[in-house]
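Have a look at the structure below before the remarks.
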């Protein structure tokens, strides 16, 4: 009896292990065979077609008048007349500000008195010169006749030369006094400031009775700004990589934040030659160039200082092959294992690595679909707009290129990858 029970127990254990082993074997076989069948990558495609592509450079900035003048005084004093206010329209030559002139009137009177004194002294010396010239002529005649001696003649010559020199000095003093009077007149004239142009007082920074500083020894007080609001421009800053694409005369479309549903047009009128750097000395330095775009029709509602976005049309090409921008990606050719590991030594190894890096430079490619597989094709591209990019070589019109998804194009696809085309916009599947 015990032997029979022992045999039955061993038989049950053997069956149990056989079942477990079979299950494990099935799992291993399933993993080995089924796991190799990777699912195809779902993609979308679009045909290569000819289009008109306009290259756009986009930047932000402010609206400013084309012509504006910042008024600063050249003399110091108190404002005694301010007949304009901000927003007033003014004409060229119209009075803007009058500065208290008392000090400059006194300076003018003093300069005029000094000039009168210098002229009187000159006149007196000229009278003396006439007398001394006559004495000199008389001495010459007496010397010829033997009546006067050489000493008398030399004294007459000395008196004449001294008087002539004094007259030259007085002539210089008169010129200096005339210049001082002219300067005093100019300072007095500058106490009254007139508008240099037809326009509008777009900014007023002072009030009646305020004391202002002239620009003789400093920058001077910014009194006001007079601007022609009929001619406006967008002043934007463009990145150094994009400014080389822009030319004077390029057309532009401007969106002003205050006019959400309106688009203004303009023309590039000026491109800055000097860069404006932000964040110098840091790793986040930004180099921009200022570009001015003259607006075709601004209107009275457009005011200085408004924020804007500008799209500059730098180049347009018609009837060129194009694909969606997202279709173009970059791939690096695979390096040979020998070059990666560098089997050679010393300078030879360094040269091999350098050559490998040169060959491994990323190149632009697109993926087409054939027999449910992705084919990688190198291409050369040209200009682009917001949606499409020009393809100058590598593709033919009518070819289907992969246009999505971004993840598939940038990471999942490779030459020979199995794909399944699902163009959702058409609601069809392409095998």
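The values are calculated or read from the model by the stated rules, or taken from the named source; none is laboratory data. These numbers come from a predicted model, not from an experiment. Glycine gets a Cβ as well: all are built from the backbone with ideal geometry, and neighbour counts include every protein chain shown.
Which ones in the stretch 77-115 are in a helix (DSSP H, G or I) and in contact (Cβ under 8 Å) with a residue 60 or more places away in the chain? Listed by number, the residues that qualify are 104, 105, 107, 108, 110, 111, 112, 114, 115.
Could you look through the stretch 231-252, keep only residues that are surrounded by fewer than 16 Cβ atoms within 10 Å (Cβ to Cβ) and touching a residue at least 40 places away in the same chain (Cβ under 8 Å), and pick out the one that is nearest to residue 63 (Cα to Cα)?
Taking the stretch 231-252 and keeping what is surrounded by fewer than 16 Cβ atoms within 10 Å (Cβ to Cβ), we get 231, 239-241, 244-245, 247-249.
Among the residues that remain, those that are also touching a residue at least 40 places away in the same chain (Cβ under 8 Å) are: 231, 239-240, 245, 247.
Working: 231: 11, 239: 19, 240: 21, 245: 22, 247: 20 Å.
Filtering first and then ranking leaves 231.
Here is the figure for the stretch 179-208: residues that are in a helix (DSSP H, G or I) and touching a residue at least 12 places away in the same chain (Cβ under 8 Å) total 7. Evaluation of residue 48 against the conditions (1) closer than 30 Å to residue 417 by Cα; (2) modelled with pLDDT of 90 or more; (3) surrounded by fewer than 18 Cβ atoms within 10 Å (Cβ to Cβ) shows that the sole unmet condition is (3). Looking across the stretch 377-393, the residues that are free of Cβ contacts under 8 Å to residues at least 60 places away in the same chain and crowded, with 17+ Cβ neighbours inside 10 Å come down to 379, 381. Restricting 265, 316, 329, 348 to those that are in the same structural domain as residue 381 (by TED's automatic domain parsing) and at pLDDT 90 or above reduces the list to 329.
Looking across 288, 309, 319, one residue alone is at positive phi, touching a strand residue (DSSP E or B) at 6+ places or on another chain (Cβ under 7 Å) and in a strand (DSSP E or B). It is 319. Screening residue 293 with (1) modelled with pLDDT of 90 or more; (2) surrounded by fewer than 16 Cβ atoms within 10 Å (Cβ to Cβ); (3) closer than 24 Å to residue 227 by Cβ gives one miss only, at (2).
Checking the conditions here, which among 176, 164 is farther than 25 Å from residue 266 by Cα and in contact (Cβ under 8 Å) with a residue 40 or more places away in the chain? Lay out the reasoning, then the answer.
Working: 164 fails: in contact (Cβ under 8 Å) with a residue 40 or more places away in the chain.
Just one listed residue meets the conditions, 176.
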